[in-house]
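First the structure, in the form of structure tokens, and then the observations on it.
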Amino acid sequence: QNRAEVYCITLDHYGENVAAVLRAVATAEPGAVVIHCQAGKDRTGVVSALLLGLAGVPAEQIAADYAESQQRLWPLYERYVAEVGEDKVDFWWKPTATPAMMHTVLEHLQTRYGGVAGYLQQIGLTHDELGQLRQRLRSE
């Protein structure tokens, strides 16, 4: 399986975890919210894509934003490989993040759930919670 397939499986089977993250964003105190994971591209990338999609950002821009992870994380990956050796680095450490991978995820959400908002409703976010998220994402 590739990253995009794993992302889709995660979205399909761990919706309550995704919903919990998005509820935390929706109900956070005013100000910035930081979302991160081990490397900041997999779980962070998917959650960021969901938020951007809910805010109405076009798929092309979401995919381009996601792909920035590869460019920015690659020097760190190369240093890590130099320190520990390539044979000690597993698949998930390699910061592969292409636009095509994110397009696969967004197409999956569109096909299976009718888009990001449909997915978020399917995993249990209420109309009010979606409104809170949209407000937070668009507030100035």
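Worth a mention:
- Every condition in (1) without any contact (Cβ under 8 Å) to a residue 40 or more places away in the chain; (2) closer than 21 Å to Leu137 by Cα is met by Ala63 except one, and the failing one is (1).
- Tallying residues that are of a type in the set (Gly, Ala, Ser) and more than 22 Å from Asn2 (Cβ to Cβ) within segment 67-124 yields 7.
This table checks each residue for (1) out of contact with any helix residue (DSSP H, G or I) (no Cβ under 8 Å at 6 or more places or on another chain); (2) open to solvent by 70 Å² or more (accessible area, probe 1.4 Å).
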position: Ala63; (1), (2): no, no
position: Arg79; (1), (2): yes, yes
position: Gly85; (1), (2): yes, no
position: Lys94; (1), (2): no, yes
position: Met101; (1), (2): no, no
position: Leu106; (1), (2): no, no
position: Gly118; (1), (2): no, no
position: Glu129; (1), (2): no, no
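- Applying the criterion of being in a helix (DSSP H, G or I) and in contact (Cβ under 8 Å) with a residue 60 or more places away in the chain to the residues of segment 13-41, the residue that is surrounded by the most Cβ atoms within 10 Å (Cβ to Cβ) is Leu22.
- Residue satisfying all of: in segment 2-49; under 10 Å from the mean Cα position of the chain (by Cα) and polar (S, T, N, Q); farthest from Asp90 (Cα to Cα) among these: Ser48
The values are calculated or read from the model by the stated rules, or taken from the named source; none is laboratory data. Everything quoted here is computed from the prediction, not taken from an experiment. We place every Cβ from the backbone using ideal geometry, glycine too, and count neighbours over all the protein chains shown. The area values use the complete protein model at the heavy-atom level, side chains included, leaving out ligands, DNA and RNA. Shrake-Rupley method; radii C 1.70, N 1.55, O 1.52, S 1.80 Å.
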